[in-house]
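Asks: Structure incoming, see below.
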Amino acid sequence: MPGRRKTGGRERGVVRKRGNSYQVLVYQGVDPVTGKDSYLTESTRDEKKVPEIRSRLLAKVDRQRNAATKATLSYALDAWLEVHEADDSTLDRYRELADRTIGPALGDVPISKLGTRALEQFYAQLRRCSARCDGKPFVEHRAAGEHECRVVVKHR
């Protein structure tokens with residue numbers, strides 16, 4: 001295939017021909033929320049642009065892996081809560097949410113690895129059930145579980 005690159009015996013970046021276009025895929029690691037493999041991908045009809053696209057995607061993955069900080073989300077939340085100015089009751093509620101909901105799901109994830117996709121999946125789980133009951137829709141576990149699930153009303 002055109003445009004493949006190997007580093008240290010491992011292939012980095014795959015190009016697939018799809019009809020009249022070329023799809024460039026670069027492995028970016030395991031998604032912290034789903035545990036599934038995650039890829040950056042981009043397509044082009046111009047074969048000459050494939051090396052440029054692959055280089056850009058590889059550079060993006062490398063920046064994520066070699067981030068300036070290894071601080072976790074829990075560490076950052078704790079630091080922010082120490083300096084954030086708000087009423088005591090508001091700060092107590094923020095701490096409660098950080099400890100009960102955010103921390104168990106994403107607290108150990110380094111900030112540099114926390115991307116849009118992981119946050120969107122986390123928000124989707126919260127919309128189904130604020131207690132995050134194994135990601136099941138609230139209807140499946142409401143009757144069986146001991147907690148109250150918040151019903152999300154969608155406004156039109």
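The values are calculated or read from the model by the stated rules, or taken from the named source; none is laboratory data. Quantities reported herein were computed from a predicted structural model and do not represent experimental measurements. As a convention, Cβ positions derive from the backbone with ideal geometry for all residues, glycine included, and neighbour counts pool all protein chains shown. Note: accessible area is taken over every heavy atom of the protein model, side chains too, but ligands, DNA and RNA are not part of it. Shrake-Rupley method; radii C 1.70, N 1.55, O 1.52, S 1.80 Å.
Asks: Take the residues of the range 41-56 that are surrounded by 15 or more Cβ atoms within 10 Å (Cβ to Cβ) and of a type in the set (Val, Ile, Thr): which is nearest to the chain's Cα centre (by Cα)?
Replies: Only one residue tops the list, namely Ile53.
Asks: Identify, please: which residue in the range 99-135 is more than 23 Å from Ala76 (Cβ to Cβ) and surrounded by 16 or more Cβ atoms within 10 Å (Cβ to Cβ) and is, among those, modelled with the lowest pLDDT?
Replies: Ranking the qualifying residues of the range 99-135, first place goes to Cys133.
Asks: If you check every pair at least six apart or on different chains, which have Cβ atoms under 7 Å apart with a residue in the range 12-26 that is within 14 Å of Leu40 (Cα to Cα) and part of a strand (DSSP E or B) first and a residue that is β-branched (Val, Ile, Thr) and open to solvent by 40 Å² or more (accessible area, probe 1.4 Å) second?
Replies: Partner pairs satisfying both residue conditions: Gln23/Thr41; Val24/Thr41; Leu25/Val14; Leu25/Thr41.
Asks: Give me the residue from the range 84-98 that is charged (D, E, K, R) and in a loop (DSSP other than H, G, I, E, B) and, out of that set, surrounded by the most Cβ atoms within 10 Å (Cβ to Cβ).
Replies: Per the criteria, the residue is Asp87.
Asks: In the range 61-90, how many residues are without any contact (Cβ under 8 Å) to a residue 24 or more places away in the chain and closer than 17 Å to Ser112 by Cβ?
Replies: 6
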